[in-house]
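This structure is in structure tokens; I'll ask about it shortly.
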């Protein structure tokens, strides 16, 4: 199993000019949550240029479907990205979930107003606001997310107590 | 006629699919909506960790996170080595 190099993945996406918004455990960590996570989740823009960049950027890093048997006729290219939507990938840099649309947040353009600039691992990133992360977790409705949801809500309460908000 | 001699009844056209937008975002409850189940879970959240974390910048948190994950991966490798030595396979 490849160990995820969180800093390298975000550096790669940033240096490649990929339009994406960090969500999931890494975003929650940026806001102050203390839970471990083993992959990077981003919502990416599905405009043609961004898809082309994603294909070019991740191809050399051997992007492949995580958990799929080896040897499938899977090619990471523009056509594959256009014909799909959400990809859970393994790469040389670790596990990366590229999501075109997520429950509770929609697509990139819909999430953009609910994101903020943040520096993580020395890399400037767009990150979903804490409020939107909470709404996404709630909308997903998975039993395994209950504790995480409770942590995120507690985090939002503590931020409010300190005079900070949860973001839009 | 063998099965593989037959022609496909129709060819699937390769074209871009329309971008779906179906998340019902306008129906999302507010982030601080009360939920008795979540409230029950909240009692077990260690807020001291959150309070300490909030004293740091996102960049400081991310550096601590990297260090923590380095340790987590090291523990996982140790577990894998231990299982290999014991002759048991990887566990899910």
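The values are calculated or read from the model by the stated rules, or taken from the named source; none is laboratory data. All figures in this text were calculated on a predicted structure; none of them were measured in a lab. Note: ideal-geometry Cβ built from the backbone for every residue, glycine included; neighbour counts use all protein chains shown.
Residue check, residue A:150 against (1) touching a residue at least 24 places away in the same chain (Cβ under 8 Å); (2) part of a helix (DSSP H, G or I), all met but one. Which one?
(1)
Hey, another quick one. Quick check on residue A:36: is it free of Cβ contacts under 8 Å to residues at least 24 places away in the same chain and either under 25 Å from residue A:128 (Cα atoms) or surrounded by fewer than 14 Cβ atoms within 10 Å (Cβ to Cβ) (or both)?
For residue A:36, the condition - free of Cβ contacts under 8 Å to residues at least 24 places away in the same chain and either under 25 Å from residue A:128 (Cα atoms) or surrounded by fewer than 14 Cβ atoms within 10 Å (Cβ to Cβ) (or both) - is met.
If I go through region A:104-136 residue by residue, how many of them are free of Cβ contacts under 8 Å to residues at least 60 places away in the same chain, farther than 24 Å from residue B:38 by Cβ and facing chain B (nearest Cβ under 8 Å)?
Total satisfying the criteria: 2.
If we keep just the residues of region A:9-33 that are surrounded by fewer than 18 Cβ atoms within 10 Å (Cβ to Cβ) and touching a residue at least 40 places away in the same chain (Cβ under 8 Å), which is farthest from residue B:65 (Cα to Cα)?
A:16
Being assigned to a helix (DSSP H, G or I) and either in contact with a helix residue (DSSP H, G or I) (Cβ under 8 Å, 6 or more places away or on another chain) or at pLDDT below 95 (or both) is the filter here, so list the residues in region B:42-57 that pass it.
Passing the criteria: B:42, B:47, B:50, B:51, B:53, B:54.
Let me ask you something else. Does any residue of region B:58-72 turn out to be in contact with a helix residue (DSSP H, G or I) (Cβ under 9 Å, 6 or more places away or on another chain), modelled with pLDDT under 55 and at the interface with chain A (Cβ under 7 Å from one of its Cβ atoms)?
There is no residue in region B:58-72 that is in contact with a helix residue (DSSP H, G or I) (Cβ under 9 Å, 6 or more places away or on another chain), modelled with pLDDT under 55 and at the interface with chain A (Cβ under 7 Å from one of its Cβ atoms).
Of the numbered conditions (1) surrounded by fewer than 22 Cβ atoms within 10 Å (Cβ to Cβ); (2) under 24 Å from residue A:5 (Cβ atoms), residue A:115 fails exactly one; give the number of that condition.
Just one mismatch for residue A:115, condition (1).
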